[in-house]
Amino acid sequence: MGVSITNFSRSGLSDWLIQRFTAVVMAVYTVFIVGYILSTPGLDYGQWKEFFECTGVRIFTLLTLISVVAHAWIGMWIISTDYIKPAVLRFAFQATCFLTMFVFLVWGIDIIWGL
Amino acid sequence: MLVSVYRYNPETDSAPYMQDYQVEIPAGKDLMVLDVLALIKEQDSSLAYRRSCREGVCGSDGLNINGKNGLACVTPLSECAKGGKLVLRPLPGLPVIRDIVIDMSLFYKQYEKIKPYLQNNTPAPAIERLQSPEERAKLDGLYECILCACCSTSCPSFWWNPEKFIGPAGLLQAYRFLADSRDTATDDRLADLDDPFSVFRCRGIMNCVSVCPKGLNPTRAIGHIRNMLLSRNV
Ligand code: SF4
């Protein structure tokens, strides 16, 4: 039945689970960051930099970044297979999504880890 | 009452159009939509529609009635035509054969995919395969489906992928056999459903639940299938 090579894992169940799991990661991270900002009045550049120098924060941020990419990829793949019927257009859309996400991921790692 | 009906005869019309009829509704009576169709047919015998039992059992006269899918024979005017106007269209998302008659081949193809029959690889007993009352109770809310297609044709996911997404009606029946204590093909059935389209195109829109003329709940059955897939694979 309709199995495509371009979805995330070839299994509807894993895609579904990954989407749920990454959604939880993003929700927890949002609470974490908003909580930090609210509980640190007069937050300045020095404090912000120090906060992101902590390895735990970096790992959590990277996990969230990867979650955003995985979540968005599955979502965009589903949207493209629902609404874009000509295969060439669909592939072009998926390739654009992939490239955009890849650039943001590498760029994001560069920013977080300051490599 | 003003009744607007979708008309299309592929042999003579280049495009579908809506035709208005003025129908006299007998005073003091709450007619069913199917009765209104019969009155129109007396005026205009060229109108084609499908019907059989006229009491909500055969599932032949599924229509889009004032924007909502339902069976013409069990939908009273008092319920669907509150504004005094009735608009009848074919069930959306499937090809039209003529007027409000649709081609249900894709719908049946999806039904066929879930192997809608009991599979049991153990030797047949002398009399019959017995079930306890509790096991039998698990089939309630599943076996009553009359395959009218009101649900699947109201489902956007089925509109976008009618070849790949099984749709609410097929999935309700898939669960009917997954839940049957006499069926031994559970694992094969689940393996056939674990692709990105068959089950997982359900986004929980729940149009199926709101239109089912038998009051069934395909979304809940799909949730059960997902849980079975989950416990099989995790
Ligand atoms: S689940 Fe309800 S709406 Fe869907 S085909 Fe069966 S009877 Fe019709």
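The charge dipole of segment B:58-140, taken about the Cα centre with unit charges on the Cβ atoms of Lys, Arg (+1) and Asp, Glu (-1), comes to about 300 debye, rounded to the nearest 20.
For Cα pairs less than 8 Å apart in space and 6+ apart in sequence, what is the mean separation divided by the residue count of segment B:1-154, i.e. the relative contact order in percent? Show your work: numbers first, answer last.
On the way: 204 pairs, mean separation 38.8, N = 154.
It comes to 25 percent, rounded to a whole number.
A Förster radius of 41 Å combined with the Cβ-Cβ distance from B:Ala191 to A:Ile109 puts the calculated FRET efficiency at roughly 0.65. Rounded to the nearest angstrom and listed largest first, the equivalent-ellipsoid semi-axes of segment B:1-87 from its Cα gyration tensor are 20, 16, 13.
For chain B, return all DSSP H helices satisfying: extent of Cα atoms along own axis at least 20 Å; mean Kyte-Doolittle hydropathy at least -0.5. Let's see the in-between values first.
Details: long enough: B:218-233 (23 Å, -0.43).
Both cut-offs are met by B:218-233.
For chain A, the calculated P(r), taken from all Cα-Cα distances in 5 Å bins from zero up to the bin holding the longest distance, is 2, 10, 17, 19, 17, 13, 9, 7, 5, 2, 1, 0 percent.
Set Lys and Arg Cβ to +1 and Asp and Glu Cβ to -1, take the dipole of the protein assembly as shown about its Cα centre, and tell me which of B:Tyr21, A:Phe98, B:Val36 lies farthest positive. The one lying farthest along the dipole's positive direction is A:Phe98. Helices in chain B, meaning DSSP H runs of at least 4 residues, each add -39500 (n - 2.57). Divided by all residues, the mean residue ellipticity at 222 nm is -9000 deg cm²/dmol.
Under 14 Å from a label point set 7 Å out along the Cα-to-Cβ vector of B:Thr122, the amide N atoms of segment B:154-195 belong to B:180-186.
Extension gain for B:Glu79 to B:Asp44 (0.36 nm times residue separation, less C-alpha to C-alpha distance): 10.1 nm. For chain A, the membrane-span-like helices by this rule, meaning whole DSSP H stretches whose C-alpha atoms cover at least 24 Å of axis and whose Kyte-Doolittle mean is 1.0 or above, are A:12-39, A:55-83, A:87-113; this says nothing about an actual membrane. At q = 0.11, 0.12 Å⁻¹ the log10 of I(q)/I(0) for the protein assembly as shown amounts to -0.89, -0.97, computed by Debye summation with a single uniform scatterer per C-alpha, solvent ignored. What a 1.4 Å probe finds exposed on the protein assembly as shown is 61% carbon and sulfur by accessible area, rounded to a whole percent.
A Förster radius of 41 Å combined with the Cβ-Cβ distance from A:Ser39 to B:Ser231 puts the calculated FRET efficiency at roughly 0.50. Charging the Cβ of each Asp and Glu at -1 and of each Lys and Arg at +1, and nothing else, the dipole of chain A about its Cα centre rounds to 400 debye. For the listed peptides B:118-126, A:106-114, a ranking on the average number of other beta carbons within 10 Å per residue, highest first, reads A:106-114, B:118-126. For the pair segment A:19-48 / segment B:120-175, the C-alpha centres are spaced 46 Å from each other. A 1.4 Å probe run over chain A, with the rest of the protein chains in place, finds 62 Å² accessible per residue.
Given a Förster radius of 51 Å and the C-beta distance between B:Lys109 and A:Phe32 as r, what FRET efficiency does 1/(1 + (r/R0)^6) yield to the nearest 0.05? Can you show the working numbers first?
Values: r = 48 Å, r/R0 = 0.95.
FRET efficiency, B:Lys109 to A:Phe32: 0.60.
Each of A:Ala70, A:Ile37, A:Ile109 was scored by the projection of its Cα onto the charge dipole of chain A, and the greatest displacement toward the positive side belongs to A:Ala70; charges sit on the C-beta of Lys, Arg, Asp and Glu.
With a 1.4 angstrom probe, the accessible area lost at the B-A interface totals about 1600 Å².
For segment B:117-195, what is the accessible area per residue in Å² when the probe is 1.4 Å?
Values: 3660 Å² over 79 residues.
Heavy-atom accessible area per residue stands at 46 Å².
Over chain A, Cα pairs under 8 Å with separation of 6+ residues give a relative contact order of 32 percent.
The values are calculated or read from the model by the stated rules, or taken from the named source; none is laboratory data. Quantities reported herein were computed from a predicted structural model and do not represent experimental measurements. Counting neighbours? That spans all protein chains shown, and the Cβs are built from the backbone with ideal geometry, glycine included. Heavy atoms of the whole protein, side chains included, go into the accessibility calculation; ligands, DNA and RNA do not. Shrake-Rupley method; radii C 1.70, N 1.55, O 1.52, S 1.80 Å.
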